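Peer 1: Could you have a look at this structure, given as structure tokens, before my questions?
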Amino acid sequence: MLLTDVTCRNSACPADKARVRLNDGGGLYLEVAPNGSRRWFWKYYFGGKEKRLALGHYTEAGSKKVSVSLKDAREARDDARKLLRNGTDPTQKRQLDKLTRQAVAGITFEAVARELHATKHSGWSPRYAARWIERMEKDLFPWIGSLPLQDITAPLLLHTLRRIENRGAHETAHTLRQTAGQVFRYGIATGRCERNPAPDLHGALKPIVVKHMAAVLDPSGATALMRAIVAYEGQPLTRAALELSALLFQRPGNIRQMEWSEVDLDKALWTIPAAKMKRTVHGKVNGRPHLVPLAKRAVAILRELHPLSRHGRYVFPSLLTGERCMSENTLRTALRRMGYTNDEMTPHGFRAMARTILVEQLNVNPDVIEAQLAHGKSGPLGAAYDRAEFMAQRRAMMQQWADYLEGLRTGRPETDKPRTRRRGRIVGADFAR
């Protein structure tokens, strides 16, 4: 007698039995356990051996559990019968399908991307690693994450990147083209795909309009800026940080995070630990510290600051708490109070100002300036073999730069003075070649 939904719904197993089987015909039956569980099975023979195939749980309509109705169970039995008639073991077919799904899941874009991230993130900075996966999760995984890497073509990747472009995030679209390329290259290396479609999109995205940090780049502008800094009526620490930014032209973050333990006023030297520099994780851990020679004016400023903040860790402590350094917005706000808009001058602009004027007005060797800016050496082997630090030239350059800025401020350019000989060499000649 065939089963009905009423029979299935009202079925129960006595407490004194391990299970009860309700047959529906054709090998299909419902197995009921004392705990109320009801499961469908199909009994069949393959290769002369009795086997059974689980077809799922039976539950009442409206239940939140995944259920297989009587009708669904009969259809599943009939499908399994077709496989059996064609000489295929339904149980083995199910196991093979499961392995195939697992294999496919391991070659999807998202799976390979997450594997790459797990492999590489220890060599990236924490911020870059977090941003890398965040971009993927937001803009790529929802659209192509579930697709096998091999099936993603250049037009499909472009269509996905166009979604990012359409919301105006052109730079993000270019960045994700590059990071997607990293995933495909890793997929090629690990045998999950054969080619990388990302390079095919070169030139297909809207170009990025690069906007450099605003900066004063000429002597007249530098003159007005230095006079405005001296006339600044805000906090003395802020005024000092502005002037040191001009004198030392280091990254704003390094200026704000300068610590007294890093400064040797007697040797006129500021030693920035490698961990604070803009480098890779390997460079932060294994790299050398960045040495910044201090001109006489820089030393004088720091000596004046010493009584104000010497009891704390930072040269420029936060006005709210000495346990933190100065806020990143402090110098930018000070420039605004001095009348400089964000399109005219920024804290980062002191680096561009020094780089430009030192070359164009003072004829300083660019390699010496780049060493002072802590810019990486160009070329694939530059950083490995070109380890020149130009310390002697940089000391002379920093003093010449300080004298030049003082001359602009006072109207008596020090660079107009004739060069003098000291101990057999011309001052400035070493770095003006």
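Just so you know, all these numbers are worked out from the coordinates, no wet-lab data involved. Because the structure is predicted, anything quoted here is derived from the model rather than measured. No Cβ is skipped: glycine too gets one built from the backbone with ideal geometry, and neighbour counts run over all protein chains shown.
Peer 1: If you place +1 on the Cβ of every Lys and Arg and -1 on the Cβ of every Asp and Glu, how big does the dipole about the Cα centre of segment 1-154 come out, in debye to the nearest 20?
Peer 2: Values: 28 positive and 18 negative charges, 76 e Å.
Computed about the Cα centre, the dipole is about 360 debye.
Peer 1: Along the charge dipole of segment 109-201, which of Ile144, Thr160, Gln178 sits closest to the positive end, that is, farthest toward it, with unit charges on the beta carbon of Lys, Arg, Asp and Glu (+1, +1, -1, -1)?
Peer 2: Of the candidates, Gln178 comes out farthest on the positive side.
Peer 1: I'd like the Karplus ³J(HN,Hα) series for segment 300-311: coefficients 6.51, -1.76, 1.60, θ = phi - 60°, whole numbers in Hz, and an x wherever there's a Gly or Pro.
Peer 2: With the stated coefficients, segment 300-311 comes to 5, 4, 5, 5, 5, 7, 3, x, 7, 10, 5, 7 Hz.
Peer 1: Which one of Leu55, Val32, Ser11 has its Cα pushed farthest toward the positive end of the charge dipole of segment 5-104, where Lys and Arg give +1 and Asp and Glu give -1 at the Cβ?
Peer 2: The residue sitting most towards the positive pole is Leu55.
Peer 1: Continuing with the same structure: Computed from the mean reciprocal separation of all distinct C-alpha pairs, what Kirkwood hydrodynamic radius does segment 184-275 have, in Å? List each step's numbers first, then the result.
Peer 2: Working: mean 1/r = 0.0549 Å⁻¹.
Answer for segment 184-275: a Kirkwood hydrodynamic radius of 18.2 Å.
Peer 1: Return the Rg/Rh ratio of segment 320-361 with Cα-based radii and a Kirkwood Rh. Walk me through the numbers before you get to the answer.
Peer 2: Details: Rg = 13.3 Å, Rh = 11.9 Å.
My calculation of the ratio gives 1.12.
Peer 1: Where does each of Met226, Met338 land when they are ranked from fewest to most other beta-carbon atoms within 10 angstrom? Provide the component values of the computation, followed by the final result.
Peer 2: Working: Met226 22, Met338 18.
Starting with the residue having the fewest Cβ neighbours, the order is Met338, Met226.
Peer 1: About the Cα centre of the chain, what is the dipole size in debye to 20, counting +1 per Lys and Arg Cβ and -1 per Asp and Glu Cβ, all else neutral? Write down the numbers at each step before the final one.
Peer 2: Details: 71 positive and 44 negative charges, 163 e Å.
Rounded to the nearest 20 debye, it is 780 debye.
Peer 1: I would also like to ask the following. For segment 109-201, give the magnitude of the charge dipole about the Cα centre (Cβ charges: +1 Lys/Arg, -1 Asp/Glu; no others), in debye to the nearest 20.
Peer 2: Numbers: 13 positive and 10 negative charges, 42 e Å.
Dipole about the Cα centre, nearest 20: 200 debye.
Peer 1: With only alpha-carbon atoms counted, please give the Rg and Dmax of segment 109-201, in Å.
Peer 2: 12.4, 35
Peer 1: Where Rh denotes the Kirkwood radius from the mean inverse Cα pair distance, what is Rg over Rh for segment 154-225?
Peer 2: Details: Rg = 18.6 Å, Rh = 14.6 Å.
Using Cα coordinates only, the ratio equals 1.28.
Peer 1: With θ taken as phi - 60° and the coefficients 6.51, -1.76 and 1.60, list the Karplus ³J(HN,Hα) couplings across segment 231-245 in order, rounded to whole Hz; mark glycine and proline as x.
Peer 2: In residue order, the calculated couplings are 8, 4, 9, x, 4, x, 5, 5, 4, 5, 5, 5, 5, 5, 4 Hz.
Peer 1: Here's a follow-up. Go ahead and run the numbers for FRET between Glu370 and Ser146, Cβ-Cβ distance against an R0 of 35 Å, rounding to 0.05. Walk me through the numbers before you get to the answer.
Peer 2: On the way: r = 46 Å, r/R0 = 1.32.
FRET efficiency, Glu370 to Ser146: 0.15.
Peer 1: Taking only the C-alpha atoms, wrap a convex hull around segment 5-104 and report its volume per residue in Å³ as a whole number. Could you put the intermediate results ahead of the total?
Peer 2: Details: hull volume 13.0 nm³, N = 100.
Per residue, the Cα convex hull of segment 5-104 comes to 130 Å³.
Peer 1: Debye sum, Cα scatterers, the chain, no solvent: what log₁₀ I/I(0) at q = 0.07, 0.09 1/Å?
Peer 2: -0.60, -0.77
Peer 1: Quick check for segment 5-104: number of Lys pairs with alpha-carbon distance under 23 Å, counting only pairs 8 or more apart or on different chains?
Peer 2: Number of lysine pairs found: 19.
Peer 1: If you don't mind, there's one more thing I want to ask. Using a Cα-Cα cut-off of under 17 Å, which aspartates and glutamates could be cross-linked to Lys276, ignoring same-chain neighbours fewer than 8 residues away?
Peer 2: Lys276 reaches Glu259, Glu262, Glu328.
Peer 1: A follow-up question, please. Give me the extension gain from Glu134 to Ser67: residue separation times 0.36 nm, minus the current Cα-Cα distance, reported in nm with one decimal. Provide the component values of the computation, followed by the final result.
Peer 2: Details: separation 67, 0.36 × 67 = 24.12 nm, distance 3.63 nm.
Fully extending the segment from Glu134 to Ser67 adds 20.5 nm.
Peer 1: Residue separation times 0.36 nm, minus the C-alpha to C-alpha distance between His57 and Thr190: what's the value? Display every interim value, and only then the final one.
Peer 2: Details: separation 133, 0.36 × 133 = 47.88 nm, distance 3.93 nm.
Between His57 and Thr190, full extension yields an extra 44.0 nm.
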